[in-house]
Amino acid sequence: DCVSIGRACFHDGEVVALGGDDADSYWQAPDTRGLKWFGEQPVSFNLPGYFDGLDGIQSTDNPVRARPMARHLEAGRLSEAPVLNVTPVLFFPMFPFNFGDTMGPFFMHTWVQWASAHPEVRDMPLAVALPHNLLLPSYWRLVEHLGHPVETFSQLSSHDCSPGPLCFERVVGCSRFGSKPWHNYVAADGGQAWEAFRSALVSERCPAGAGEGGGRGLVVAFAQRGKNRRLRGLENITAACNEAEWVGGWPLRCETVHLSEIKKDICRLQGVDVLVGIHGAQLVNALFMRPGTSLLEVRPHDWWSVNANGTLANPHHWSNTIAHKVWLTNRTRYWFYGALANESFPDARSPIPGRDSDVLLSWPLLHCMLERIASPTGRDSLSMKVNAGCPRALG
């Protein structure tokens with residue numbers, strides 16, 4: 001949803017409508033059509049730094065106030081501020097401190113598609129409405145590679161903003177990205193706009209040739225989390241993986257990665273062919289891997305369900321949110337390892353223990369999956385099957 005208003009300022013956490021240049025302004029209030037909308041937009045968020053299931057951590061706030069200018073009683077210099085011939089977009093995000101949500105339809109994917117279809121958007125600065133004057137997570141600045149300066153609304157409207165209030169001929173407000181079912185956001189261009197964005201990031205941030213890959217065999221990276229949802233016995237799995245030496249006719253190399261910040265991790269990801277890990281934001285890094293690579297999500301017991309033929313049941317369910325983000329463009333293939341109850345170790349502190357579990361992998365089963373992922377044929381028909389169709393007897 002987007003609206004626009006004319007002649008408005010960002011000032012002290014408010015959008016203030018200036019009105020026109022009428023000689024008798026007493027009888028002419030500022031044009032407030034659409035102004036009320038800005039003050040009504042909610043932002044849902046998880047307070048960063050905490051487990052999102054704790055009481056009081058997930059909340060909703062209306063971070064922007066909106067009103068007409070109060071003429072001569074304004075504390076700021078609104079009436080004297082120059083009105084810039086620039087049109088900013090004031091964006092109201094959903095879960096802005098969650099990397100995984102922000103990179104999907106809640107913002108980045110949808111924005112990339114929108115900017116591709118409407119090139120004029122590329123010149124618009126982006127103001128992000130965040131609650132409690134919190135800082136902008138660094139991954140939001142990836143949008144600057146599309147030509148958008150980006151900052152928080154609270155920073156742009158602060159008293160400290162010099163030389164005075166920021167006023168504009170027109171302000172656009174947008175919200176509710178990602179509010180529809182995920183499949184409404186599948187890229188109609190086959191992911192071309194996203195690939196242009198991704199490859200531009202790699203070209204600008206990484207050494208020459210970093211995005212080419214290939215020629216080195218199959219590189220498997222196990223993404224290990226720092227706290228919960230950890231891969232148990234990973235040292236043994238990595239050792240067995242490297243001892244195998246070959247898979248699907250390719251030299252095999254395995255490593256453990258600790259992904260923390262996409263702007264730092266993106267170059268390392270270009271050398272990865274298969275990213276393996278348990279549900280979490282670290283797997284969303286797969287959106288920035290080379291086209292044709294694979295994401296293998298390790299799903300604890302009670303966090304996956306299949307039909308009688310072994311294919312993923314109810315793919316639209318929110319437990320498949322990692323897959324949804326990959327399916328938006330299908331530039332990276334999605335696979336899943338369905339852990340059994342005796343391989344899963346739920347965290348009793350979590351209200352969603354099925355999701356928040358450690359997992360002990362079976363190397364024979366994982367090896368079979370890697371064989372099928374590396375195969376040049378039959379991959380599409382197997383990717384929706386639990387364990388890529390490999391028999392459980394291997395475990």
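Structure notes:
- Among the residues of segment 82-111, those that are more than 13 Å from SER175 (Cα to Cα), part of a loop (DSSP other than H, G, I, E, B), in contact with a Phe, Trp or Tyr (Cβ under 9 Å, 6 or more places away or on another chain) and touching a residue at least 60 places away in the same chain (Cβ under 8 Å) comprise ASN85, VAL86, THR87, PRO88, ASN98, GLY104.
- The sole residue among GLU235, GLU204 that is closer than 21 Å to VAL272 by Cα, out of contact with any Phe, Trp or Tyr (no Cβ under 8 Å at 6 or more places or on another chain) and assigned by TED's automatic domain parsing to the domain that holds LYS264 is GLU235.
- Residue list for segment 256-299, restricted to those being out of contact with any strand residue (DSSP E or B) (no Cβ under 7 Å at 6 or more places or on another chain), small (Gly, Ala, Ser) and over 17 Å from MET103 (Cβ atoms): GLY292
- Sole residue being in the same structural domain as PRO42 (by TED's automatic domain parsing) and farther than 24 Å from ARG198 by Cα, chosen from ALA66, ALA127, ALA117: ALA66
- Helices (runs of 4 or more DSSP H) completely within segment 301-395 that count 2 or more residues being at pLDDT 95 or above: 321-327, 363-374
- Qualifying residue in segment 158-178 (condition: modelled with pLDDT under 95, among the polar types (S, T, N, Q) and surrounded by 13 or more Cβ atoms within 10 Å (Cβ to Cβ)): yes
- Where ASP302 falls short, out of the listed (1) surrounded by fewer than 20 Cβ atoms within 10 Å (Cβ to Cβ); (2) closer than 24 Å to LEU234 by Cβ; (3) free of Cβ contacts under 8 Å to residues at least 40 places away in the same chain: (3)
- Within segment 245-264, the only residue that satisfies the criterion of being assigned to a helix (DSSP H, G or I) and surrounded by 17 or more Cβ atoms within 10 Å (Cβ to Cβ) is ILE262.
- Unmet criterion (only one of (1) among the small types (Gly, Ala, Ser); (2) assigned to a loop (DSSP other than H, G, I, E, B); (3) touching a Leu at 6+ places or on another chain (Cβ under 9 Å)) for GLY53: (3)
- Tally of residues being surrounded by fewer than 12 Cβ atoms within 10 Å (Cβ to Cβ) and either of a type in the set (A, V, I, L, M, F, W, C) or at positive phi (or both) across segment 192-225: 4
- Pairs linking a residue in segment 312-326 that is closer than 18 Å to ILE352 by Cα to a residue that is assigned to a helix (DSSP H, G or I) and of a type in the set (A, V, I, L, M), with Cβ atoms under 9 Å and 6 or more positions apart or on different chains, are ILE322/LEU283; ILE322/VAL284; ILE322/ALA286.
- Residue match in segment 319-333 (condition: among the small types (Gly, Ala, Ser) and either assigned by TED's automatic domain parsing to the domain that holds VAL112 or over 26 Å from the mean Cα position of the chain (by Cα) (or both)): no
- For segment 336-364, filtered to residues that are aliphatic (A, V, I, L, M) and crowded, with 16+ Cβ neighbours inside 10 Å, the residue that is nearest to GLU243 (Cα to Cα) is LEU361.
- Picking from residues in segment 29-58 that are polar (S, T, N, Q) and under 13 Å from PRO96 (Cα atoms), the one that is surrounded by the most Cβ atoms within 10 Å (Cβ to Cβ) is ASN46.
- Sole exception among (1) small (Gly, Ala, Ser); (2) buried (at least 18 other Cβ atoms within 10 Å of the Cβ); (3) touching a helix residue (DSSP H, G or I) at 6+ places or on another chain (Cβ under 6 Å) for GLY280, by number: (3)
- Unique match (being assigned to a loop (DSSP other than H, G, I, E, B), modelled with pLDDT of 90 or more and not small (Gly, Ala, Ser)) among PRO30, PRO48: PRO48
Okay, residues lined up against (1) farther than 17 Å from VAL3 by Cβ; (2) of a type outside the set (S, T, N, Q):
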site	(1), (2)
TRP37	no, yes
GLN41	no, no
PHE45	yes, yes
THR60	yes, no
PRO63	no, yes
HIS72	yes, yes
SER79	yes, no
LEU90	no, yes
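- Candidates GLU144, GLU80, GLU74: the one that is loosely packed, with under 15 Cβ neighbours inside 10 Å, under 23 Å from ALA17 (Cβ atoms) and not hydrophobic (A, V, I, L, M, F, W, C) is GLU80.
- Residues of segment 98-125 that turn out to be crowded, with 19+ Cβ neighbours inside 10 Å and of a type in the set (Gly, Ala, Ser), as a count: 3
The values are calculated or read from the model by the stated rules, or taken from the named source; none is laboratory data. Quick caveat: nothing in here was measured; it's all calculated off a predicted structure. When we count neighbours, we look across all protein chains shown, and the Cβ atoms used for this are built from the backbone with ideal geometry, even at glycine.
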